[in-house]
Amino acid sequence: MGKSVYKKVLLIFLIIVGSMSYSGEVKAADELNCILCHKYRGLSRIDETGKFRLFFINHNMFSLSPHGKVKCNDCHRDINVVPHEPAQKVNCTIECHIIEPSGQRRFSHQSIEDNLFQSAHSKYDKEGNLKEFSEDYPHCKDCHEQPIYRPLSFFKGSKPGVSERAVARCKTCHRTGRFADIFYTHVTSRLQKTRRPNEIVAVCARCHGDKAFQKRHNLDDVVTSYFETFHGKAVNHGSERTPDCVDCHIRPGDNVHLIESKTSPTAAVNKENRSMTCRVKDCHVDAGENLAGYHVHVTYDDPEKYPVEYYLLLFFTVLTGGTMYFFLALIFLELVRRFFPHASLFKSKDH
């Protein structure tokens, strides 16, 4: 009984506080008025497992994201009361209430999950059994941890989208609601990467840069080796014209979730396909076979996997160090002779 009274009091309190401070503007996607409470940055609690949970929603960012027209209960379907009971994890493959225009069917991410399960990141093997350390393999929210909206812009300080004139042309026909703005924002955000190259590398590095993860799956330190290349150094300095992980590990025209192992015959980084991957329009169009033979992810301290690279590095290290120290010794002896012209290690019998 006491718990029921507590919930009623809390509900009344939230309604009163929300009505005093809420601006009154309710977006179409927020018919249930969830932002009434979730607009507060400090809205949080400690869950049953002792983990800190933050429930703040940046509504401006969300409304501009690809999910801007999705209603809250389209994804959070088990939340029906306020205060909420412990909610289940969102299933990204359920059908939304949005009709996908090209097929006139309810939209679902199921096909994307199917691509993921065909890739090297699938937690299942070819027989459908869970792989060893299956908890290490990523799912939707491991990479898409927050709604990201990156405006399509060509100059610093420009507004989201290409131009306001383009939106105005859309509004010539699409006059009701905010359809033109929302649709144009959605399309333009999909005409480019949603993340900068250095952000994509950082997402991949969450797993591939973890030493324990590398050891469990017998993988090289591909993050460190990538940053030792010209590509990695350019990305590290802010270049957006340089290939990142996705550019090389996805075949042109394939879904970005379909990353395959280099041993797969159809993989973009398979030795038979690398030259075509390098020859895409935005990279090395006239690249020859020799360029594609370059090993990007070389672990130089592993003589078993990369013996040629290991011993070449060792040879040039010794050669460079030996040459440098030889000439330093000559310079030192020359200085000694200049300061002590009559000094000698061995005196002659005549002297």
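The values are calculated or read from the model by the stated rules, or taken from the named source; none is laboratory data. Because the structure is predicted, anything quoted here is derived from the model rather than measured. A quick note on method: Cβ atoms are made from the backbone with ideal geometry, for glycine too, and the neighbour counts reach across all protein chains shown.
Numbers for the structure displayed
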{"quantity": "Condition broken by LEU345, with the remaining ones in (1) assigned to a loop (DSSP other than H, G, I, E, B); (2) at pLDDT below 85; (3) under 30 Å from ALA202 (Cβ atoms) satisfied", "calculated": "(3)"}
{"quantity": "So HIS295, is it over 30 Å from THR224 (Cα atoms) and either surrounded by 10 or more Cβ atoms within 10 Å (Cβ to Cβ) or at pLDDT below 85 (or both)", "calculated": "no"}
{"quantity": "Scope the stretch 24-54; condition of a type in the set (A, V, I, L, M, F, W, C), modelled with pLDDT of 85 or more, surrounded by 15 or more Cβ atoms within 10 Å (Cβ to Cβ) and part of a loop (DSSP other than H, G, I, E, B); matching residues", "calculated": "CYS34"}
{"quantity": "Residue check, ILE79 modelled with pLDDT of 85 or more and more than 30 Å from THR263 (Cβ to Cβ)", "calculated": "yes"}
{"quantity": "Which listed residue is surrounded by 14 or more Cβ atoms within 10 Å (Cβ to Cβ), of a type in the set (Val, Ile, Thr) and at pLDDT below 85, from VAL70, VAL5, VAL17, VAL9", "calculated": "VAL70"}
{"quantity": "Enumeration of residues in the stretch 221-263 that are assigned to a loop (DSSP other than H, G, I, E, B), touching a residue at least 12 places away in the same chain (Cβ under 8 Å) and polar (S, T, N, Q)", "calculated": "THR229, SER239, THR242, ASN255, SER261"}
{"quantity": "Helices (runs of 4 or more DSSP H) enclosed by the stretch 101-204 - at least 1 residues per element that are among the small types (Gly, Ala, Ser), at pLDDT below 70 and within 22 Å of the chain's Cα centre (by Cα)", "calculated": "179-190"}
{"quantity": "Checking LEU319 against (1) on the phi > 0 side of the Ramachandran plot; (2) at pLDDT 85 or above, the condition it does not meet", "calculated": "(1)"}
{"quantity": "Filter result (of a type outside the set (Gly, Ala, Ser), under 15 Å from LYS271 (Cα atoms) and assigned to a helix (DSSP H, G or I)) within the stretch 289-318", "calculated": "GLU289, ASN290, LEU291"}
{"quantity": "Qualifying positions in the stretch 229-261 - at pLDDT 90 or above, among the charged types (D, E, K, R) and surrounded by fewer than 18 Cβ atoms within 10 Å (Cβ to Cβ)", "calculated": "LYS233"}
{"quantity": "ALA329 vs. criteria under 19 Å from the mean Cα position of the chain (by Cα), farther than 29 Å from CYS140 by Cβ, of a type outside the set (D, E, K, R) and part of a helix (DSSP H, G or I)", "calculated": "no"}
{"quantity": "Enumeration of residues in the stretch 29-44 that are of a type in the set (D, E, K, R) and over 18 Å from CYS96 (Cα atoms)", "calculated": "LYS39, ARG41"}
{"quantity": "Filtered residue count, the stretch 91-115, keeping only those that are within 21 Å of PRO138 (Cα to Cα), in contact (Cβ under 8 Å) with a residue 24 or more places away in the chain and surrounded by fewer than 14 Cβ atoms within 10 Å (Cβ to Cβ)", "calculated": "0"}
{"quantity": "Selection from the stretch 262-275 of residues that are closer than 19 Å to ASN115 by Cβ and either of a type in the set (Ser, Thr, Tyr) or surrounded by 14 or more Cβ atoms within 10 Å (Cβ to Cβ) (or both)", "calculated": "LYS262, THR263, SER264, THR266, ALA267, ALA268, VAL269, ASN270, ASN273"}
{"quantity": "Pairs, first on the phi < 0 side of the Ramachandran plot in the stretch 37-66, second at pLDDT 85 or above and assigned to a helix (DSSP H, G or I), C-beta under 7 Å, six or more apart", "calculated": "LEU43/CYS37; PHE55/HIS38; PHE56/HIS38; ILE57/ILE35; ILE57/HIS38; HIS59/ILE35"}
